[in-house]
Amino acid sequence: MSKPVVTRFAPSPTGYLHIGGARTALFNWAFARNTGGKMLLRIEDTDRERSTEAAVTALLDGLSWLGITWDGEPYSQFARASRHVEVANQLLAEGKAYRCYCSAEELAEMRERARAEGRPPRYDGRWRDRDPSEAPEGVKPVIRIKAPQSGDIVVNDHVQGDVTFKAENLDDFIILRSDGTPTYMHAVVVDDHDMGVTHIIRGDDHLTNAARQIVIYQAMGWDIPEMSHIPLIHGPDGAKLSKRHGAMGVETYRQMGYLPEALRNYLARLGWAHGDDEIFSTEQFVAWFSLEALGKGAARFDFGKLDNLNGHYIRMAAPERLYEVMVDTASELGRNADYLGLINNKETALAAIPELQPRAKTVLELIDLAQFIYAQRPLPVDEKAAGLLNTDALGHLAALKERLQGVNEWSVPEIDAAVREYAESVGLKLGKVAQPLRAALTGRTISPGIFEVMVLIGREESLARLGDQVRAVARH
Ligand code: GLU
């Protein structure tokens, strides 16, 4: 029987959970769930100067928001430093690693020479076979691994195929620094081995590291986990992902009004495919996930697609939940007027949300569309809406206001009938009256059905808002 699958997400806590990291985590999570295995979370915090507690919190929050769960407590790589030292010492004792006493000047000279000769800079192995008795006084050595000097190192990769690295291009790299701290290369291998990781899924920027890591696995006689190096996410133009193109933390996506299920669905399709399926549930994603379906081509980030997916998930969401998300988003962004407006008009907002859902692609758009509910009179009118409120239109609105005052029951059918009758009586199409009406009542050109709007805000408020506009023109 094959071993149960163990994957891991191993972020360095030096910033937020960026979008590429989120996708890596998602794939590791999906594979673990698909196979009934485990996904571990390992915080790679050995670089004490660059790691912060705030970044760890941001990582955990980002994952939780996306609905990505891990098994057990998160590991701290730093906390395992003594184990990293132990393995380095074992390699030393077995003659598979050695102490190197090169000074910074010597190393600089080596690099300089390599550059002059047009070779990649690499350590020349000068301490590999040197007698330790030659060690200079008072110099703290680093520990380097004895990498093979000839032959090939092959990374068998589920995504990239067999990738061959010539041993002569890999030098005896450092596994333990002179201050006794492990390098990333070494710590990752020791941790992955000790934690029983069977599958590594990560960005293809780690492919050359994989070759070096294999050197350590082989030196220790450990099984090499199965590897999948996924192409990085690129911008829509194929260039490296820039901020403008989406290289941001997941919390920025939340603040931009994306729902976690939309981002999850979107990220799932960046470098992985199940036929032509674009929209699928998380359950389907997990059920369908396989390493074989990971793509080799660069994935391109496309906000248009994300918006469309988000619109879909907004339409699918329960109004109660959207209301909560709108409130939280307004609060997170410090949009106090919106926050208070939503809180103080919960019933109306809940009643309005089904009208808003088909019209919004983001939660921010939902909030904007809901503003008519709690906007303070006289309403701010945006430029497009103002364009509809010309003298002619305002004349009609004044007359319409009279009619509406006489409506018996303030309901959609009765308001509808009154507005239609008025439009007919002056020989106008309904839209010619309804559009200025919308502009006056909401301050915008896009809103839910205008009769629904009038019912939602009520007779008094509707007539008062109309009055504000009509009066405004009367003064001119
Ligand atoms: N800590 C590394 C990073 O954040 C990832 C290490 C790995 O996945 O092997 O890039």
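The values are calculated or read from the model by the stated rules, or taken from the named source; none is laboratory data. Here the structure is a predicted model, which is why all the values come from computation and not from measurement. Here the Cβ positions follow ideal geometry from the backbone for every residue, glycine too, while neighbour counts run over all protein chains shown.
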(request) Consider only pairs whose beta carbons are under 7 Å apart and that are at least six residues apart or on different chains; among these, list those whose first residue lies in region 177-204 and is closer than 18 Å to LYS96 by Cβ and whose second residue is among the aromatic types (Phe, Trp, Tyr) and within 14 Å of the ligand (Cβ to nearest atom). (result) VAL189/TYR217
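Can you tell which of ALA239, ALA293, ALA219 is surrounded by 17 or more Cβ atoms within 10 Å (Cβ to Cβ) and among the hydrophobic types (A, V, I, L, M, F, W, C)?
On inspection, the qualifying residue turns out to be ALA219.
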(request) Consider THR57 carefully, then state whether it is within 10 Å of the ligand (Cβ to nearest atom), in a helix (DSSP H, G or I) and of a type outside the set (A, V, I, L, M, F, W, C). (result) no
(request) Quick one: in region 208-230, of everything that is small (Gly, Ala, Ser) and in contact with a helix residue (DSSP H, G or I) (Cβ under 8 Å, 6 or more places away or on another chain), which residue is farthest from the ligand (Cβ to nearest atom)? (result) ALA219
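Suppose we keep only residues that are among the basic types (Lys, Arg) and over 19 Å from VAL189 (Cβ atoms) within region 39-52. Which one would you say is farthest from the ligand (Cβ to nearest atom)? Break it down stepwise before answering.
Step one: list which residues in region 39-52 are among the basic types (Lys, Arg), which gives 42, 48, 50.
Then keep just the ones that are over 19 Å from VAL189 (Cβ atoms); that gives 48, 50.
Values: ARG48: 14, ARG50: 11 Å.
So the residue we want is ARG48.
Take GLU49 and decide whether it is under 19 Å from ARG177 (Cα atoms), in a loop (DSSP other than H, G, I, E, B) and free of Cβ contacts under 8 Å to residues at least 24 places away in the same chain. Spell out how you get there, then give the answer.
Values: under 19 Å from ARG177 (Cα atoms): yes; in a loop (DSSP other than H, G, I, E, B): yes; free of Cβ contacts under 8 Å to residues at least 24 places away in the same chain: yes.
Taking the combined requirement at face value, the residue satisfies it.
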(message) Here is a list: GLY246, GLY271. Which entry is within 16 Å of the ligand (Cβ to nearest atom) and small (Gly, Ala, Ser)?
(response) GLY271
(request) Output the residue which, of all residues in region 124-134 that are surrounded by 10 or more Cβ atoms within 10 Å (Cβ to Cβ) and out of contact with any strand residue (DSSP E or B) (no Cβ under 7 Å at 6 or more places or on another chain), is farthest from GLU168 (Cα to Cα). (result) ARG130
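Considering only region 1-36, state which residues are surrounded by 17 or more Cβ atoms within 10 Å (Cβ to Cβ), more than 15 Å from the ligand (Cβ to nearest atom) and part of a loop (DSSP other than H, G, I, E, B). Write out each step before concluding.
Taking region 1-36 and keeping what is surrounded by 17 or more Cβ atoms within 10 Å (Cβ to Cβ), we get 5-13, 16-33, 35.
Those left that are additionally more than 15 Å from the ligand (Cβ to nearest atom): 5, 30, 33, 35.
VAL5, the sole residue that qualifies.
Filter region 254-295 down to the residues that are polar (S, T, N, Q), over 18 Å from ASN308 (Cα atoms) and touching a helix residue (DSSP H, G or I) at 6+ places or on another chain (Cβ under 8 Å) and list them by number.
Taking region 254-295 and keeping what is polar (S, T, N, Q), we get 255, 265, 281-282, 284, 290.
Next, from what is left, pick out any that are over 18 Å from ASN308 (Cα atoms): 284, 290.
Listed by number, the list holds a single entry, SER290.
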(message) Going through ASP194, ASP205 one at a time, which residue ends up being modelled with pLDDT of 90 or more, away from the ligand (no atom under 12 Å from the Cβ) and over 19 Å from GLY304 (Cα atoms)?
(response) ASP194
(message) Looking at (1) within 16 Å of the ligand (Cβ to nearest atom); (2) surrounded by fewer than 16 Cβ atoms within 10 Å (Cβ to Cβ); (3) more than 20 Å from TRP272 (Cβ to Cβ), which one does ALA187 not meet, given that it meets all the others?
(response) (2)
(message) Any residue that is surrounded by fewer than 16 Cβ atoms within 10 Å (Cβ to Cβ), in contact (Cβ under 8 Å) with a residue 24 or more places away in the chain and of a type outside the set (D, E, K, R) - is there at least one of those in region 97-108?
(response) yes
(message) Show the residue pairs meeting these rules: Cβ distance below 7 Å; 6+ apart or different chains; first residue within region 401-426 and surrounded by 11 or more Cβ atoms within 10 Å (Cβ to Cβ); second residue assigned to a loop (DSSP other than H, G, I, E, B) and of a type in the set (A, V, I, L, M, F, W, C).
(response) GLU414/VAL407; ILE415/VAL407; ALA418/VAL407
